[in-house]
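Structure record follows, encoded as structure tokens.
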Amino acid sequence: QVQLAESGGGLVQAGGSLRLSCAASGSIFGTNAMGWHRQAPGKQRELVAAISRGGTTNYADSVKGRFTISRDNAKNTVYLQMNSLLPEDTAVYYCTSGPNFNIDRYWGQGTQVTVSS
């Protein structure tokens with residue numbers, strides 16, 4: 001079992017930055033891969049970024065060059081640095097984890113990110 005707790009969401013203007021954090025607790029086998037998904041009204045939930053315990057990363061094309069995912073394995077925490085935010089980044093962001101990149105077994109409660117123009 002893994003519990004995920006997100007923080008860092010909020011309201012920012014276009015061009016601004018936010019840093020999301022997600023602290024995990026529980027089985028180490030459930031956090032080999034950690035990442036972020038997002039869901040906006042009327043849109044399908046999508047992967048934003050993911051990172052393995054070894055540091056391999058995967059980004060959605062829409063956020064490459066603007067977002068950076070990182071993790072601190074000692075703290076069981078994953079971060080998402082979001083720069084140059086756009087109104088289309090507005091969504092609920094969910095922290096996820098699993099035993100590998102193919103399985104998003106655990107989900108956080110979500111944190112709202114709103115980007116105004």
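Each residue in region 1-49 was checked for being assigned to a loop (DSSP other than H, G, I, E, B) and more than 12 Å from the chain's Cα centre (by Cα), and 13 of them qualify. Among the residues making up region 54-83, those that are surrounded by fewer than 18 Cβ atoms within 10 Å (Cβ to Cβ) and either part of a loop (DSSP other than H, G, I, E, B) or touching a Gly at 6+ places or on another chain (Cβ under 8 Å) (or both) are GLY54, GLY55, THR56, ASN58, ALA60, LYS64, GLY65, ARG66, ASN83. The set of residues from region 84-108 being part of a strand (DSSP E or B), of a type outside the set (A, V, I, L, M) and surrounded by fewer than 17 Cβ atoms within 10 Å (Cβ to Cβ) comprises ASN100, TRP107.
The rows are residues; the columns are (1) free of Cβ contacts under 8 Å to residues at least 60 places away in the same chain; (2) on the phi > 0 side of the Ramachandran plot.
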site	(1), (2)
GLY65	yes, yes
ASN73	yes, no
TYR79	no, no
PHE101	no, no
ARG105	no, no
GLY110	no, yes
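When region 84-109 is filtered for residues that are of a type outside the set (Gly, Ala, Ser) and closer than 17 Å to VAL63 by Cα, the ones remaining, listed by number, are LEU85, LEU86, PRO87, GLU88, ASP89, THR90, VAL92, TYR93, TYR94, CYS95. Taking the numbered list (1) at pLDDT 95 or above; (2) more than 13 Å from the chain's Cα centre (by Cα); (3) of a type in the set (Val, Ile, Thr) in turn, ILE103 passes all entries but (1).
The values are calculated or read from the model by the stated rules, or taken from the named source; none is laboratory data. Being a predicted model, the structure only gives us computed values, none of them experimental. Every residue, glycine among them, receives a Cβ derived from its backbone with ideal geometry; neighbour counts consider all protein chains shown.
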